[in-house]
Amino acid sequence: MQNIVIFGATSAIAESTARIYAERGDRLFLVARNEQRLNDIVADLQIRGAQSVDYLIQDLGELDQLEVCVAKIKDTFQRLDVVLLAHGTLSDQPACEQSLDLTLTELKTNGLSFISLLTLLANEMEEQRTGSLAIISSVAGDRGRQSNYVYGSAKSLVSTFSQGLRNRLSKQNVQVLTIKPGFVDTPMTAHLPKGALWAKPEQLAEGIVNAIEKKKNVVYLPGFWRYIMLIIKHIPEFVFKRLSL
C-alpha cells in the first residue's frame, strides 16, 4: 500500500490517475481548489477501493500558502511514496499578449506554483531518501511557438527545473519524472477541435503510472509526441520563424 499525493486533483488526468491508485487500495491525499468537484471525486475513489482519501481545499496559485499545505500533508503521511503535480490552466495566448497582469498570472499558475511546490517537496523526499515526484509539464515547453508561448514558457521552466531536481535527487534514490503530454481531450480543451493526435485522460493516466513504476526520467504521452517534438525542435530558426505554429 502506497501513500499517493495529487495536486490539482480535479483535473481530468489527475482524476483518472487517482482512480488507478484507488483500485489498488492505496492511500490518497488530494489537493484542489474546487470543493464541490473534489468532494465528488473523494466519494468516487472511496467506492473504488482506496484505503483512505484525505483532501485539502487550496488554490495553488497562492504561493504563500504552499508551505502550510505541504506541512498538512506531512501531518497525514509520514512517508510520501508518489507525488503528482497536475494542476494548471490553458493560457489564452491572444489575451496574454494584451495584458501583462494576465501573462504574469499564467506564468505563476503554470510555472512558479510548480517551482514553489517542488522546492518544498524535494527537501521532504531528499530527507526520506525514497519516493517519486511526477510532474506534468507539456510538449509546449520544448520550443516557443507563437500560438502558446506564454504557456510554453511556463512549462519550459517546469521541465528545466525538474531536470535539475532529477540530477540532484537521483543521488538520494528519489525519482523525478517529467511528463510531457501532447493534446488531451479534457474539459479544459473542450472548445478546441479534435483530431488524430488527441488522447484521452485515461490513456495518459496509464502512461503516468507505468512511467512511475518503471522509474523513467522523461516520458512523452502518447509516445509518438517524442518524435513530433524532435522534428519541431530541430527546424532551423530561420525557417521556424516563418511558420505559423
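The values are calculated or read from the model by the stated rules, or taken from the named source; none is laboratory data. Please read all numbers here as calculations on a predicted model, not as lab measurements. Neighbour counts are summed over all protein chains in view; Cβ atoms, including those assigned to glycine, are modelled from backbone coordinates with ideal geometry.
Any residue that is at pLDDT below 95, aliphatic (A, V, I, L, M) and more than 16 Å from residue 31 (Cβ to Cβ) - is there at least one of those in the range 69-91? Scanning the range 69-91 turns up at least one residue that is at pLDDT below 95, aliphatic (A, V, I, L, M) and more than 16 Å from residue 31 (Cβ to Cβ). The residue list 19, 27, 33 contains one member that is of a type in the set (Lys, Arg), surrounded by 15 or more Cβ atoms within 10 Å (Cβ to Cβ) and under 19 Å from residue 210 (Cβ atoms), which is 19. Restricted to the range 164-193, and to residues there that are part of a helix (DSSP H, G or I) and free of Cβ contacts under 8 Å to residues at least 24 places away in the same chain, the residue that is nearest to the chain's Cα centre (by Cα) is 164.
State which residue is surrounded by the fewest Cβ atoms within 10 Å (Cβ to Cβ) when the search covers only the range 98-108 and only residues that are touching a residue at least 12 places away in the same chain (Cβ under 8 Å) and not hydrophobic (A, V, I, L, M, F, W, C).
Narrowing the range 98-108 to residues touching a residue at least 12 places away in the same chain (Cβ under 8 Å): 103, 105-108.
Checking the rest, the ones that are also not hydrophobic (A, V, I, L, M, F, W, C) come to 103, 105-106, 108.
Values: 103: 18, 105: 16, 106: 23, 108: 18.
Going through the qualifying residues, I end up with 105.
In the set 133, 204, only one residue is modelled with pLDDT of 95 or more, crowded, with 17+ Cβ neighbours inside 10 Å, in contact with a Ser or Thr (Cβ under 9 Å, 6 or more places away or on another chain) and not in a helix (DSSP H, G or I); that residue is 133. Among residues of the range 1-28 that are closer than 20 Å to residue 199 by Cα, those with a Cβ under 8 angstrom from a residue that is charged (D, E, K, R) and assigned to a helix (DSSP H, G or I), sequence gap 6+ or separate chain, pair up as 9/15; 10/37; 16/202; 19/44; 19/48; 20/206. Might you check whether a residue that is of a type in the set (D, E, K, R) and either within 24 Å of residue 22 (Cβ to Cβ) or at pLDDT 95 or above (or both) occurs anywhere in the range 220-233? Scanning the range 220-233, I find at least one residue that is of a type in the set (D, E, K, R) and either within 24 Å of residue 22 (Cβ to Cβ) or at pLDDT 95 or above (or both), so the answer is yes.
Of the residues screened, residue 145 is one that is farther than 23 Å from residue 34 by Cβ, surrounded by fewer than 24 Cβ atoms within 10 Å (Cβ to Cβ) and either in contact (Cβ under 8 Å) with a residue 60 or more places away in the chain or of a type in the set (Phe, Trp, Tyr) (or both). So which residues in the range 173-218 are farther than 19 Å from residue 125 by Cα and among the polar types (S, T, N, Q), if there are any at all? Hits for the range 173-218 are 186, 189, 203, 210. Only a single item in (1) surrounded by 17 or more Cβ atoms within 10 Å (Cβ to Cβ); (2) of a type outside the set (S, T, N, Q); (3) under 19 Å from residue 5 (Cα atoms) is not met by residue 72, and it is number (1). When the range 168-195 is limited to residues that are loosely packed, with under 14 Cβ neighbours inside 10 Å and over 23 Å from residue 218 (Cα atoms), the one that is modelled with the lowest pLDDT turns out to be 190.
When the criteria are applied in full, residue 151 fails the requirement of being in a strand (DSSP E or B) and in contact (Cβ under 8 Å) with a residue 12 or more places away in the chain.
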